[in-house]
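Quick notes on the structure that follows.
The values are calculated or read from the model by the stated rules, or taken from the named source; none is laboratory data. Worth saying up front: this structure is predicted, and the values here are computed from it rather than measured. Methodologically, a virtual Cβ is constructed for each residue, glycine included, from the backbone with ideal geometry; neighbour enumeration extends over all protein chains shown.
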């Protein structure tokens, strides 16, 4: 019998269909819609399985946390957007960029890897990733925003670590709409 990629939550741990602990830490279970606002809004749904809070000492040298968010968005007139990534309440990545005008239901994907280099009270991490946005028709109409640190970010890896990814439009417009279909946190390494 084929079970596909079925996962269940058991004692706050995602378990795959073979009964093994999954590397998937968080997965949304509902579509998240953000529209007509210039407020900073979390892109991680309040309807999910798993956890958005990493345990004490989750990060160790070489461990990677992969964040993936995808869906579609629409835009109005000229605007900017800001994507922010928080660990343990502290800002570890921020990127502000103009966004294409007058898009309708354009596919986007955010993928960021948080790489741990040292652990402890003064642990060090770096982020490396990108946002892809399909801005028209055909293969050549994809815009990319780099999401990366060019120097170490200090974070305390010895305490509980809530994770959040936020998005903020520069101007509230009725045409600005973001629909998150999938959001996941996954441990690598």
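Scanning region 55-67 for any residue that is farther than 21 Å from residue 36 by Cα, surrounded by 19 or more Cβ atoms within 10 Å (Cβ to Cβ), without any contact (Cβ under 8 Å) to a residue 60 or more places away in the chain and in contact with a strand residue (DSSP E or B) (Cβ under 6 Å, 6 or more places away or on another chain) turns up nothing.
When you go through 81, 51 one by one, which is the residue that is at pLDDT below 95, surrounded by 12 or more Cβ atoms within 10 Å (Cβ to Cβ), under 18 Å from the mean Cα position of the chain (by Cα) and within 22 Å of residue 159 (Cβ to Cβ)?
Every option except 51 fails the conditions.
The condition (being farther than 20 Å from residue 146 by Cα, assigned to a strand (DSSP E or B) and in contact with a strand residue (DSSP E or B) (Cβ under 7 Å, 6 or more places away or on another chain)) is satisfied by just one residue among 117, 72, 86: 117. So which residues in region 23-44 are at negative phi, surrounded by fewer than 19 Cβ atoms within 10 Å (Cβ to Cβ) and not in a strand (DSSP E or B)? Hits for region 23-44 are 23, 29, 30, 31, 37, 38, 39, 40.
Every residue, every condition in (1) more than 12 Å from the chain's Cα centre (by Cα); (2) assigned to a strand (DSSP E or B), yes or no:
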{"position": "92", "(1), (2)": "yes, yes"}
{"position": "96", "(1), (2)": "yes, yes"}
{"position": "102", "(1), (2)": "yes, no"}
{"position": "125", "(1), (2)": "yes, yes"}
{"position": "133", "(1), (2)": "yes, yes"}
{"position": "139", "(1), (2)": "yes, no"}
{"position": "158", "(1), (2)": "yes, no"}
{"position": "166", "(1), (2)": "no, yes"}
{"position": "182", "(1), (2)": "no, yes"}
